[in-house]
Amino acid sequence: MNAIIIASLGAIILMLTNLFFRKRSKLLSVFALLVVILLIVFNTLEGQGLLFFYPASLNSAFFQFSNFTYLFNNVLILTFLIYILLNKNYLLLINPDHSADIYALLFFVMTGCFLLTSYNNLLSLFLGIEIMTIPLYVLAGMDKKNQKSNEASLKYFLLGAFSTCILLMGITLLYGATGSFALNPFNTLNTTKLLGQVGMLFIFFALLFKVGVAPFHFWVPDVYDGTPNVFTAFMATIVKVVVIIALLNFINALTPNCIGKSYKTIVLFVIISTLAIGNFSALSQPNVKRMMAYSSIAQAGFMLLALYALNDLATQGILIYAIVYSLSTLTIFAILNKFSLATFSDFNGLAKSQPLMACFLTVALLSLTGIPLTGGFFAKYYMLSATFFSGGKYALPLVIICLIFAGISAVYYLKVIQAMYFTTPPVTSDHASITIQPLATLEKSILLLVVIAILFLGIFPSIVTQWLYF
Amino acid sequence: MQALLLMLVPLLPLIGFLYLGISRTRIGYTTASIVACGTVLIAFIISLFLFFTINFQDNTPLIISYFPFIHIGNINIDFSLQYDALSAVFLLIITGVGFLIHVYSTVYMHEEPTPQFAKYFSFLNLFVFSMLLLILGANFLILFIGWEGVGLCSYLLIGFWYAKTAYNEAANKAFIMNRVGDLSFLLAIFWLLLKLGTISFVAISPTMLSSTDVLGITLLLLLGATGKSAQIPLLSWLPDAMAGPTPVSALIHAATMVTAGVYMITRNHVLFSAAPFTMNLIACIGLLTAIYAAVLALVQNDIKKVLAYSTISQLGYMFLGLGVYSYTGAVFHVITHAFFKALLFLGAGSIILSLHHEQNIQNMGGLKKKLPITHICFLLACLAISGIPPFSGFFSKDEILNATYSFNPYYWVVGVIGAGLTAFYMFRLYMLVFSGSYRGNQEGIKEKGWVICLPLVLLAVLSTFGGWLNTPSILMGNERLAGFLYSVLGKKDSTVIDALHPINQEYMLMAISTIVAISSMILAMFIYSKPGQAIAKRDTWQKIVENKWGMKNFYQRTVQIPMTLLSFLLAQIIEKKFLEGMVRSVINASSFLSRKIRMMQNGQVNRYIIYMVLGIVLFLLFWFLDIRIYNSFV
């Protein structure tokens, strides 16, 4: 609760500061960092039982806070902190006249995220989704003079509006079937009641759209590609994992009886087609950023395994997966920021010219591939073993298929590493046109910490998961 | 407090490794030496402190769990260390002998440029860390991490002078042969995990396993042990491993790493004791290896090769000890062997260093006067390894042979013959190196200072008096080691043996092996008193043996040729025609699919919406049809 209130207050104050800080100002990022630190402190305190602004009546009606909520909120806030530290200069560069607005919008998105981790009611779900996505439409188009950015914004808005319709439709139908917006009464919902079934499925599909998995993934490549780099990093990490958690909460709130047995088959189909589309498309992308868009689709496919397994192991797994995936992706995007263009050939010989950058990028890519000793390995391992132990005759084939696709994903991740370490850059004059800025000291140290964290999780994954139970 | 101290023991060398590895280009000889030796010395002091403060007599070992390591599903493995009498003994050997060898290395490696020097010590520290982890691990996983770590360090240090191709090949050989053993070791661990759900040593008990399981697991573990301890069939890497610097041979390939197999079997003695077939096999492997390697050692001309074969042969004795249920004897031999073999290698290193890296014993001789300290120490070590009373080797070997006699007298006969061979080749080596006149052509040969000599002297003292650790009761000893290890190994095996055969018999056995050892020693001294003639003779004999008893051909026939044929078949036919085609078609299919899927992504929003609606409709249809069908059945 504290997190929601502080994030929205911070956003409102930041919005007002635009009156005073018209130019790029260091003060903005300092203030933003201050709010983030407040968020961490208050969220942790609340997790320990210290409550501030806490209207008791809200608790069961709209929100429900559990250990997992607080832990995940902290993960989100820390990711957000790393995100700001890595990107603060670029956030000011995108649109200098509106840098305060950008920060305000980011904090609004965070508010939506906190709503989504704790909602207990279809209304708060809807509010969360909207508070989260509407600022994102704006952020996607923030680079106003860039046509691609505008196009991305428009597409995102149109398709997002469509999915919102489906979400609203689903909520309406469910309300019609149960007469309540609360999530708990669904437990008694009659499985055969058509209205309830369709409503539940519609909400499910709308959330799948927000995650960006097949067959609702079409917006992802176009939007990620057109959106300025810094916001792509934000959308691909924090926003994506939050929606998956929201989805998981939604499914967990329904009884197994209510989801029915077709549910698993549908999830199975979604996972396999997502992995297939994500991986196969990523294979032939000439541009690393677009490759990352498809790779994020494929990674989301892996995270959806939690929706298939629906057990304790899956909860631990999704936590680790969310952390590792976010850290790795943030690292990669922080480095992509340094490139004016990011085709595979631009990475040629990076290990010689920028050894540290190449090293960070390598660890992040290996982690996304799922190579042991990086956190990505255990993330995938947890998800797959959760699936395996969930039982059912499709569990084992699904695990095998996922492994095959993880193998395929190695091709495009390793292509970058291969370019960096084993290809020499062209000596021709067009080398001058490729500009790679070096990492700043702050970025270097943050990235170093992030990379160490990734490796650490690859050795001691249980350090994180044991927080779930204390 | 104990937990912290115990953790520090392996942690310190790790810190040393990290520091030296990271800053190897920035630090000088002095810093590198101090850090490398200092970390091991502190580890040794802590080990001593633990040794004297902990009471080993209660039967529950000190197991400290530091943090959850792998907790997934129903597999719960903690990062935990186990400290009991057995690990205490090994801890002292590794840190103690390791420290001496570190000190020795500071002079031995001084010719290297600084980064290389620091790199050498970082590897050495990493080795000590891995070895300590291997010894202290409370479950198979930690042990295996150490096991792999020492293998890696062995590889790195054998190929330390990587500019020479032959050295690289030796490193590769060691690594690959060990890999065979490691695979089997890993399979055994998985098997245990599958059947018991736990791999911590205290929880493993043969009563929870069927006899087939016990047999299979112990056989796999045995193969793993033979790889690390250079026993038949995985032994040929050790002689080649002498390519590494001599202190490395002393530390890794004589005193510590190669005894890991013995340690592992001793650690799991409960499991092994439940598999009589495996035990018999261990004894046979040990005997065969002991004899085979001893005969090969007779004709080697490289001083380090002689010692390498002798190491294999002595490891064979340790395996024999294990196989005849004399675990204390095996551990005792590990200890004494660590003393005298490290001493022999360091002595050899001193000789090699003084002769500017000359290793051929044909070009030595008469070094008695020129290297007096080395000479005395080397002589003591030779006496110890040959089993001449009252030097340490006599007691440990005698304990093993005694146990062998009561297990199977025929094994004992072979073992005594091996002991005779040992005395023979050791004194051949001694005579060729130290007596007679100098046959080489180098001037100004002298010892390289006290840093080289001090470890030699200390080890010589230990080799001489080490036998007192476990003097048998019939020689007025009190069998201290057996009593000490009682809490781990359970029964005091030598007392059982005492009951089996009368004391007179034990005296007799002792006398026979002593007579055999002394007579072969005298024989060797007699034959090689005039080395020139002795070397010229015995050509045919030498040829047979140098061919490694046809073992090379044997490997060629049984392994290499079928492998070549198989690889030809796989490479030329299956790979070219079948796999390559398959891979190619996978690539083609992927890129085809990739293109097709990209076509769907054409940038038009209305198309996207149509696809999505189609998706939703299909899902809904599927959902309701499925439920309909399901309901009609239920």
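The values are calculated or read from the model by the stated rules, or taken from the named source; none is laboratory data. Computed from a predicted structure; not experimentally measured. A quick note on method: Cβ atoms are made from the backbone with ideal geometry, for glycine too, and the neighbour counts reach across all protein chains shown.
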Search result, residues across region A:141-168 that are away from chain B (no Cβ under 14 Å) and either of a type in the set (Lys, Arg) or farther than 19 Å from A:ASP97 by Cα (or both) | A:LYS144, A:LYS145, A:LEU168
Output the qualifying pairs, or none if there are none: Cβ atoms under 9 angstrom, residues six or more apart or on different chains, first residue in region B:233-261 and over 22 Å from B:LYS164 (Cβ atoms), second residue in a loop (DSSP other than H, G, I, E, B) and not hydroxyl-bearing (Ser, Thr, Tyr).
-> B:VAL258/B:ALA230; B:GLY261/B:ALA230; B:GLY261/B:GLN231
Report yes if some residue within region A:293-307 is touching a His at 6+ places or on another chain (Cβ under 8 Å) and within 12 Å of chain B (Cβ to nearest Cβ); otherwise report no.
-> yes
Residues in region A:192-217 that are outside any helix (DSSP H, G or I) and touching a Leu at 6+ places or on another chain (Cβ under 7 Å): how many?
-> 2
Within region A:356-411, track down each residue that is hydroxyl-bearing (Ser, Thr, Tyr), within 12 Å of chain B (Cβ to nearest Cβ) and assigned to a helix (DSSP H, G or I).
-> A:TYR381, A:TYR382, A:SER385, A:THR387, A:SER409
Among A:PHE250, A:PHE231, A:PHE216, the single one that is closer than 21 Å to A:GLN197 by Cα, away from chain B (no Cβ under 11 Å), in contact (Cβ under 8 Å) with a residue 12 or more places away in the chain and among the aromatic types (Phe, Trp, Tyr) is A:PHE250
Scan region A:387-406 and give yes if some residue there is crowded, with 23+ Cβ neighbours inside 10 Å and out of contact with any Ser or Thr (no Cβ under 9 Å at 6 or more places or on another chain), otherwise no.
-> yes
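Counting only residues that are among the aromatic types (Phe, Trp, Tyr) and away from every other protein chain (no Cβ under 14 Å), which one in region B:567-603 is farthest from A:ALA152 (Cα to Cα)?
The selected residue is B:PHE568.
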Restricting the first residue to region A:445-456 and requiring it to be over 13 Å from A:GLY376 (Cα atoms), which pairs with a second residue that is not in a helix (DSSP H, G or I) meet a Cβ separation below 9 Å and a spacing of at least six or different chains?
-> A:LEU447/A:LEU439
Look at A:ALA322 and say whether it is crowded, with 23+ Cβ neighbours inside 10 Å and under 25 Å from A:ASN229 (Cα atoms).
-> yes
A:PRO286 fails exactly one of the following numbered conditions: (1) surrounded by fewer than 20 Cβ atoms within 10 Å (Cβ to Cβ); (2) more than 13 Å from chain B (Cβ to nearest Cβ). What is the number of that condition?
-> (2)
Need at least 3 residues that are among the aliphatic types (A, V, I, L, M) and on the phi < 0 side of the Ramachandran plot per element, so show me which helices (runs of 4 or more DSSP H) inside region B:227-267 make the cut, counting only ones lying wholly within it.
-> B:260-267
Sole exception among (1) over 24 Å from A:SER296 (Cα atoms); (2) in a helix (DSSP H, G or I) for A:SER180, by number = (2)
Mind counting the residues in region A:142-156 that are buried (at least 21 other Cβ atoms within 10 Å of the Cβ) and either assigned to a helix (DSSP H, G or I) or without any contact (Cβ under 8 Å) to a residue 60 or more places away in the chain (or both)?
-> 5
Any idea which of (1) modelled with pLDDT of 90 or more; (2) not in a helix (DSSP H, G or I) is the one B:SER437 doesn't satisfy?
-> (1)
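From the list B:ILE535, B:ILE561, which one is more than 14 Å from chain A (Cβ to nearest Cβ), within 32 Å of the chain's Cα centre (by Cα), in a helix (DSSP H, G or I) and modelled with pLDDT under 80?
B:ILE561
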Do we find that A:ILE271 is closer than 30 Å to A:ASN120 by Cα, buried (at least 20 other Cβ atoms within 10 Å of the Cβ), at pLDDT 85 or above and of a type outside the set (Phe, Trp, Tyr) in this structure?
-> yes
Considering only region A:1-51, state which residues are among the acidic types (Asp, Glu) and not in a helix (DSSP H, G or I).
-> none
List the number of the failed condition for B:PRO113; all other conditions in (1) of a type outside the set (Gly, Ala, Ser); (2) touching a Phe, Trp or Tyr at 6+ places or on another chain (Cβ under 8 Å); (3) at pLDDT below 90 hold.
-> (2)
Is one or more of the residues making up region B:48-65 within 14 Å of another protein chain (Cβ to nearest Cβ), farther than 24 Å from B:LEU462 by Cβ and touching a residue at least 12 places away in the same chain (Cβ under 8 Å)?
-> yes
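Can A:SER281 be described as assigned to a helix (DSSP H, G or I), buried (at least 23 other Cβ atoms within 10 Å of the Cβ) and at pLDDT below 90? First the steps, then the outcome.
Details: assigned to a helix (DSSP H, G or I): yes; buried (at least 23 other Cβ atoms within 10 Å of the Cβ): yes; at pLDDT below 90: yes.
It is true that A:SER281 is assigned to a helix (DSSP H, G or I), buried (at least 23 other Cβ atoms within 10 Å of the Cβ) and at pLDDT below 90.
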In region B:609-621, which residue that is surrounded by 13 or more Cβ atoms within 10 Å (Cβ to Cβ) and more than 7 Å from chain A (Cβ to nearest Cβ) is nearest to the chain's Cα centre (by Cα)?
-> B:LEU618
Restrict the check to region A:83-104 and report whether at least one residue is surrounded by 20 or more Cβ atoms within 10 Å (Cβ to Cβ) and part of a loop (DSSP other than H, G, I, E, B).
-> no
Residue hits (region A:371-384; surrounded by fewer than 24 Cβ atoms within 10 Å (Cβ to Cβ) and either modelled with pLDDT of 90 or more or outside the structural domain of A:SER295 (by TED's automatic domain parsing) (or both)) are A:ILE371, A:PHE377, A:TYR381, A:LEU384
Counting only residues in region B:426-458 that are more than 25 Å from B:LEU251 (Cα to Cα) and touching a Leu at 6+ places or on another chain (Cβ under 8 Å), the one surrounded by the most Cβ atoms within 10 Å (Cβ to Cβ) is identified as B:ILE445
Hits in region B:459-477 (condition: crowded, with 18+ Cβ neighbours inside 10 Å and closer than 19 Å to B:PHE345 by Cα) | B:LEU459, B:ALA460, B:LEU462, B:SER463, B:THR464, B:GLY466
